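The structure under discussion appears below in the form of structure tokens.
What follows is calculated from the coordinates using simple rules that are stated; it is not laboratory data. What you see is a predicted model, and the numbers here were worked out from it, not measured in a lab. Note that we place each Cβ from the backbone using ideal geometry, even for glycine, and neighbour counts take in every protein chain shown.
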Amino acid sequence: MDHTEVLKPQTLDDLIQILHEIFDSDKVNTEEVQNIMESYESNPLEWGKYAKFDQYRYTRNLVDEGNGKFNLMILCWGEGHGSSIHDHTDSHCFLKILQGNLKETMYEWPQKKNNGEMAKKSEGVLKLNQCAYINDSIGLHRVENPSHTETAVSLHLYSPPFDQCHTFDQRTGHKNVVKMTFWSKHGERTPFRESKCIFVTPLFRQNDKPQVMRNLFRYQAGCWPPCILEQDIHTPMMEKNG
């Protein structure tokens, strides 16, 4: 489908329909997708049914599966919630702000021969209705809600869809594979499942001798986006039992 001008969607359903038409084509212009997503004016009455929050971490809520060509989802960020540094598994990522603000920090890919601090490229704050774009050739990023008093909501499109990505330790560049899940699909909560994760956390007492503490951490499936292996807070996951 060849668009000579931006088709301004009047509603979220309009936006979804236009995106389906665009992705029906063999060739998709990323700038066109970004412009169309940005032209949609956020209306909470339209996306509110998909906005599901969790007290402890941000959530991923599937809106549309794009006939296998893309996934459209709404991410809900509580006060201070954020992701790890992560990639996008060779997919295109579009991120539009529906409510509040999100801080995006861009990073260079870590050098294989270097175990040092990851290099920061840039950072900025995305505001209401703005739409950003990233792919792996551009670099890596971390997204976070900078506010400790206001929540944030964002609309994401990933093409092609993916169900895992890599997260990166900012201090060393070491990466981990993370399985992606949804907190809800089409406005309905995904089946509840509890699991146990064993974390090994270094503790230091007055004599500075490190000790190891094993913590059992229970989580709800679907609240488990790229923030789960947040190396920057010194809680590397050592073992996960299904």
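Candidates are the residues of segment 117-126 that are in contact with a Ser or Thr (Cβ under 9 Å, 6 or more places away or on another chain) and outside any strand (DSSP E or B); the one that is nearest to residue 151 (Cα to Cα) is 118. Taking the conditions exactly as written (within 30 Å of residue 26 (Cα to Cα), among the aromatic types (Phe, Trp, Tyr), touching a residue at least 40 places away in the same chain (Cβ under 8 Å) and out of contact with any Lys or Arg (no Cβ under 8 Å at 6 or more places or on another chain)), does residue 94 satisfy them or not? Answer is yes for this residue.
Annotation note: of 129, 114, the sole residue that is out of contact with any Phe, Trp or Tyr (no Cβ under 6 Å at 6 or more places or on another chain), under 26 Å from residue 185 (Cβ atoms), assigned to a loop (DSSP other than H, G, I, E, B) and not β-branched (Val, Ile, Thr) is 129. Residues in segment 154-190 that are polar (S, T, N, Q) and more than 29 Å from residue 27 (Cβ to Cβ) were compared, and the one that is surrounded by the most Cβ atoms within 10 Å (Cβ to Cβ) is 167. Exactly one residue among 106, 118, 37 is touching a Pro at 6+ places or on another chain (Cβ under 6 Å), of a type in the set (A, V, I, L, M) and surrounded by 14 or more Cβ atoms within 10 Å (Cβ to Cβ), and that residue is 118. Taking segment 163-191 only, how many residues are in a loop (DSSP other than H, G, I, E, B), farther than 17 Å from residue 85 by Cα and touching a residue at least 60 places away in the same chain (Cβ under 8 Å)? Count: 5.
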